[in-house]
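As structure tokens, the structure follows; a few thoughts come after it.
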Amino acid sequence: MSSSPNHDGSSAKRRKGNDGAVVGFLSSWMGYFTGRRDDTAQHMLARNEKMMERMEELMNKMEEKLESLDDHENEERHEEGEEEGGEEDYSSEGGSDSDEKSVESISTEDLRNKGKALEAYQEMVATNRDDWKYSAEDLNMDMVDIDFDLAEDEIESIMRLYQNIKNCTIKMRRGEYTFNHGKNVEYFDDDDVDYQGVRLEPWDLAETYEKIPYIYALRPHWEEFAQALDDFGLILDVMPDYAEPCFQISQIELPAAIFKMIVKSLAGKGFIKYYFRDNGFGRYGIRALIDLMDSNPELRSLLLHDNSIDEEDEIDFCQAIVGHPTLTSIDLAGCCGGRIYMLSELVRSNQLESISMITSDLSFVTVAEREVFCNALSSNTSLTHLTLSGNNLIDEDAASIAGALERNNTLQHLCLRGNMFTEAAAAYFGYALGTNNTLSSLYLSKRVAERAEIYNALFDNSSLNSAADSNHTCHVVRCGFKACNEEDDPAGNRQRKIYKILASRNKRMSNVQYFDDIDINLLPEILAAVQRYARTPVSERQLLYRVNSEVSGLSIVYELMRKWDSIYKIWDKTDFRFR
């Protein structure tokens, strides 16, 4: 075993001294901010309260970790003295003390890096507090009125945007970032989304679909914004470990020159998500976005709504997405102008987990192009979420997509709402659901989802055998049929359907007459369903099927007992045992 340097502990003392400097600096920094009484410092303290609490917790953990490392090194030096420099054999099949020490060193190094990040962050905040002022001239109505073609509501939106840009810039200079908890309606299950990072959008986003126009008087404010963004990497370094930093500018016009200026400041910064919506930055902006993706190896999600991608740039844009090491989610709503090439290539790449392309009007896609896409979907093994809503797809497209579903075994969520499917499309999707057992949610328009073909695929109640063979994994949203597969429990869904048939027949005491037609392998499932519902509170059963709460499980058992001789013969031929 290689000897540790400086058995006298001088190396450890130097290290401990340096670590103490880091911890001491953090302690003095916390005391500096909490001890200040001027209005500016108090304002910063109030706005950064959560961040500072997390930093204080991190500081305490650093101290504990460094003390633990000191104890570990002291024990190691003591053991070394007893061994008198003896060597130790290592096995490739087992771990060693050096492996544990390596892990410990890495963990401690991470903590030191956090300390350095906090130090750099504090210096940035202190410098901006003492030396920085927002230099762009305040926007007033006279400046906006230069553009005579603007409507009154547009002028009001520009004035609000100017204030938002200024506020966001000041927050970044203070070391703050946007933290807003809300819903992202583009996601299938409306998951809660924490926006942590930079976010600019119209104040009345829920009420308007028009982007805020650009005027030249906004340029100095965008310049201030971009300069503040230059140092945002220091803020990213001190965000919580669980944070997923997002950069978002929605429904705000950004000429190519302004967008490229922002992209230059964004380059190399570890945002997890980019969200650009209806910005009108054109082809030059798309080229700048390609370079931005290449500069950020931590990017996982790109939402590019209503920013047109020219046909000439599709290949390069696809290559930037496919070649990215971490990008798994892409949303190109309204970007591709009726072309399906990018969709097919992204699906065929077999690298993305989520693809959304809505409102792109794919009604002009040729039969050959549709076949290329559906073949790619059939063989894809990475995609779990696919959204193709509002694309004017017709029944022929439904048939092709349904055919792909019969062979695809990884897709879990498919959204096809807002297309031009007729009732005939229900037969295609119903047949696909008979063979696909991985799709967990399918979004269809009401006219398709409520057809009998869909319901029978989810719950064919003509017999116990057909009910057992129905689809128990997919929940067809807006189908109007309650309690089919709304729970993420295929076995439970199956048992509920079986019990519903048993309960319905029990009200007529007619289960016995159907018993001879039961598949021998279904008997354990029948008994399990009866046992489960016999123990389920009535209040819970009412949420599933009303009839299930109206019939006692013991009553069904009584019917089965009347046919006990047949049951025993069937049961004895299986490997199951009563419990």
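The values are calculated or read from the model by the stated rules, or taken from the named source; none is laboratory data. Since we're looking at a predicted model, the values are computed, not measured. Virtual Cβ from ideal backbone geometry, glycine too; neighbours counted across all protein chains shown. Side chains are part of the model used for accessible areas, which takes the heavy atoms of the whole protein and leaves out ligands, DNA and RNA. Shrake-Rupley method; radii C 1.70, N 1.55, O 1.52, S 1.80 Å.
Whole-Hz Karplus values for the range 432-440 come out as 5, 5, x, 10, 7, 10, 10, 5, 9 Hz, taken residue by residue from phi with 6.51 cos²θ - 1.76 cosθ + 1.60 and θ = phi - 60°; glycine and proline positions read x.
Protection proxy ranking for 361-370, 278-287, using the average of other Cβ atoms within 10 Å per residue and placing the highest first: 278-287, 361-370.
Ordered by solvent-accessible area of protein heavy atoms (1.4 Å probe), largest first, the residues 203, 132 come out as 203, 132. Rolling a 1.4 Å probe over the heavy atoms of the protein chains gives the range 362-501 an accessible area of 40 Å² per residue. Counting Lys and Arg as +1 and Asp and Glu as -1 over every other residue whose Cβ lies under 11 Å from the Cβ of residue 370, the net charge comes to -4. Measuring between alpha carbons in the structure, the pairs from 116/211; 446/500; 114/211; 273/446 lying more than 31 angstrom apart are 116/211; 114/211; 273/446.
The simple Förster model, with R0 at 30 Å and r as the Cβ-Cβ distance, assigns residue 552 and residue 466 a FRET efficiency of 0.75. For the range 285-421, carbon and sulfur atoms together expose 49% of the accessible surface, with a 1.4 angstrom probe and every protein chain in place.
Largest first, the residues 264, 269 sort by 1.4 Å accessible area into 264, 269.
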